[in-house]
Amino acid sequence: MSAKNAKEVYVQMLSDLRHGTERTTKLFGEISQLAQDPDVREALEARVFVSNKILDTLDECFKVIGEQPLKESGHLQEAFAEDFRKELSGIQNPVARRFFILAKASQLVHFRVAEYKALIAGADFSGNYGVGVMLDSCLADNMAFAERTQRLIKNVAETKLAERIASKSAA
């Protein structure tokens, strides 16, 4: 990244966030089609819906600061998606697949949360309080998804544990 000042760095980071959100939205759509569990599928489809609203909000942030998203600079998301597809194809057990999908979704969301926190601080630093408010709302949506994903992961573990206890009691 080549930047002359803090605003250029900020616009590049906001652009990376926007491009990453767009890719993540597509990946969650793809993952939802691969998810065999209806609860996981429903959660991911809802995430796609919310992510599309977030993209609109990010576009509004660019309007407020009078900029356009810059060309995509990173390939982290692409590498993540490629690794995800490869690893998922090797997992046959439905419970393990469910756990893997949820764990990877959680990783993506936590990465995105860190980006939002940095950009919110940058918006406040630069006096773009409206942008900070919009990014805060996007962060809240991501945090809600992270919490929901953690609850689903906990459900997977509790269900598996209950099955083990039931099978030991039956024996």
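Derivation of every value follows stated rules applied to the coordinates shown; laboratory data play no part. What you see is a predicted model; the values in this text were computed from it and never measured. Note that we place each Cβ from the backbone using ideal geometry, even for glycine, and neighbour counts take in every protein chain shown.
Remarks
- Gaussian network model of the chain, springs between alpha carbon atoms under 10 Å - residue of L135, L161, L88 with greatest fluctuation: L161
- Alpha-carbon centroid distance for the pair segment 94-142 / segment 8-24, whole angstrom: 12
- For the chain, convex hull volume per residue from C-alpha positions, Å³: 107
- Point-to-point label distance, Y129-A170, nm (Cα→Cβ direction, 7 Å offset): 6.2
- Calculated mean residue ellipticity, 222 nm, the chain: -31000 deg cm²/dmol, from DSSP H runs (n ≥ 4) at -39500 (n - 2.57) each, averaged per residue and rounded to 500.
- Cross-link pairs exceeding 21 Å between alpha carbons, from the set K86/K160; K104/K154; K63/K104: K86/K160; K63/K104.
- Global form of segment 125-171, assessed from the alpha-carbon gyration tensor, a/c cut-off 1.5: prolate
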